[in-house]
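S.K.: Just passing along the structure, written as structure tokens.
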Amino acid sequence: MEILKVEGVNKSFGGLRALNNVNFKVEEGTVHAIIGPNGAGKSTFLNCMIGRLVPDTGTVMFGDVSLTGMKPHQINQVGVSRVFQTPEIFGDLTLLENVMIPTLAKRDGEFALHAFVRVDQDTEVRDKALHMLEDVGLVEKREMVANSLSRGDKRRLELAMCLSQDPKLLLLDEPTAGMSRADTNNTIDLLKRIGDRGITKVVIEHDMHVVFSLAQKVTVLAQGAIIAEGKPEDIKGDPRVQEAYLGGAHL
Ligand SMILES: Nc1ncnc2c1ncn2[C@@H]1O[C@H](COP(=O)(O)OP(=O)(O)OP(=O)(O)O)[C@@H](O)[C@H]1O
């Protein structure tokens, strides 16, 4: 069953057509990667799915819900979370506080956040936040201030914040960018574990090791259009993809 269905999406910036009639479907429970050369339109496409940009034409459906024209926080509330290239965390707060904020927002709605000063007493929220930190391997660091974390740990923290909202669909923009190989492999394992819980994932990724380790399906964007789509092993050998991606070099 499809969890996400994008039809006929176009997006231009002045005279530049960044997305050209994009049609895209994601099957529930799968990991679907989007790859393509620099400037292909990947971030523009992601931003159209999360409400940061509004497509000029076309529709984005999440199950029966139309995301087209919805604000980012509304999209988040219907079950779509995203992890950015630059983690969006509260740098001056502890890791535990960082995860308690979205946990509380998920349980009580955004307007409950003014009561955050009393949330320390809320064992349900605290326990869930601790559980999420444990999931991403950061529970030992729960009292540290988020700004003091390494880049890889900041991204794991953001992932814990997303997971605390029980998303059905997780959109990840280059989840391993800037990480060491060891950190990348840890992140791959972590994302596989999340997959076991049935959370569907769309991953924009440059690192082919990550794509081929995680994805069941790959969509290739070039110059704003989809030029190929299929299983990783088919995409790997597709001459159109090799030509567009890395200028003919082998994937
Ligand atoms: N806000 C904007 N205003 C004008 N042009 C933009 C804007 N955002 C993106 N573009 C242009 O749209 C095209 C697609 O950019 P986009 O960032 O979506 O590509 P990308 O595939 O994510 O690239 P990268 O892999 O380098 O991040 C590029 O030519 C880019 O310069």
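The values are calculated or read from the model by the stated rules, or taken from the named source; none is laboratory data. All figures in this text were calculated on a predicted structure; none of them were measured in a lab. So basically every Cβ, Gly included, is an ideal-geometry build from the backbone, and we count neighbours across all protein chains shown.
S.K.: Mind telling me which of the residues LYS192, LYS141 ends up being closer than 28 Å to GLU27 by Cα and basic (Lys, Arg)?
M.R.: Values: LYS141 fails: closer than 28 Å to GLU27 by Cα.
When all the criteria are applied, what remains is LYS192.
S.K.: Taking ASP108, is it at pLDDT 90 or above and of a type in the set (Asp, Glu)?
M.R.: Working: at pLDDT 90 or above: no; of a type in the set (Asp, Glu): yes.
When the stated conditions are applied, ASP108 does not pass them.
S.K.: State which residue is modelled with the highest pLDDT when the search covers only segment 234-251 and only residues that are surrounded by 10 or more Cβ atoms within 10 Å (Cβ to Cβ) and more than 11 Å from VAL220 (Cα to Cα). I'd like the intermediate steps shown before the answer.
M.R.: Step one: filter segment 234-251 for residues surrounded by 10 or more Cβ atoms within 10 Å (Cβ to Cβ), giving 234-238, 240-246, 251.
Right, trim to more than 11 Å from VAL220 (Cα to Cα) and you get 234, 237, 243, 246, 251.
Numbers: ASP234: 88, GLY237: 81, GLU243: 80, LEU246: 57, LEU251: 52.
Here the answer is ASP234.
S.K.: List the helices (runs of 4 or more DSSP H) that sit entirely inside segment 131-246 and contain at least 1 residues that are touching a Lys or Arg at 6+ places or on another chain (Cβ under 6 Å) and free of Cβ contacts under 8 Å to residues at least 40 places away in the same chain.
M.R.: Qualifying helices (runs of 4 or more DSSP H): none found.
S.K.: Restricting attention to segment 40-59, report how many residues are at positive phi and crowded, with 21+ Cβ neighbours inside 10 Å. Even if it seems obvious, please write down each step before you answer.
M.R.: Taking segment 40-59 as the starting set, the residues that turn out to be at positive phi are 41, 51, 58.
Those still in the list that are crowded, with 21+ Cβ neighbours inside 10 Å too: 41.
Qualifying residue count for the region: 1.
S.K.: So in segment 40-66, with the set limited to residues that are among the polar types (S, T, N, Q) and more than 10 Å from the ligand (Cβ to nearest atom), which one is nearest to GLN77 (Cα to Cα)? Steps first, answer last, please.
M.R.: First, pick out the residues of segment 40-66 that are among the polar types (S, T, N, Q): 43-44, 47, 57, 59, 66.
Retained after the next criterion (residues that are more than 10 Å from the ligand (Cβ to nearest atom)): 57, 59, 66.
Numbers: THR57: 24, THR59: 19, SER66: 13 Å.
Looking at the filtered set, the residue picked out is SER66.
S.K.: Could you figure out which of (1) of a type in the set (Ser, Thr, Tyr); (2) away from the ligand (no atom under 16 Å from the Cβ); (3) at pLDDT 95 or above isn't true of SER12?
M.R.: That leaves (2) as the condition not met.
S.K.: With the requirement that a residue be surrounded by 21 or more Cβ atoms within 10 Å (Cβ to Cβ) and of a type in the set (D, E, K, R), what does segment 178-226 give you?
M.R.: LYS201, GLU205
S.K.: Restricting to segment 26-39, give me the number of residues that are surrounded by fewer than 23 Cβ atoms within 10 Å (Cβ to Cβ) and near the ligand (Cβ under 6 Å from one of its atoms).
M.R.: 2
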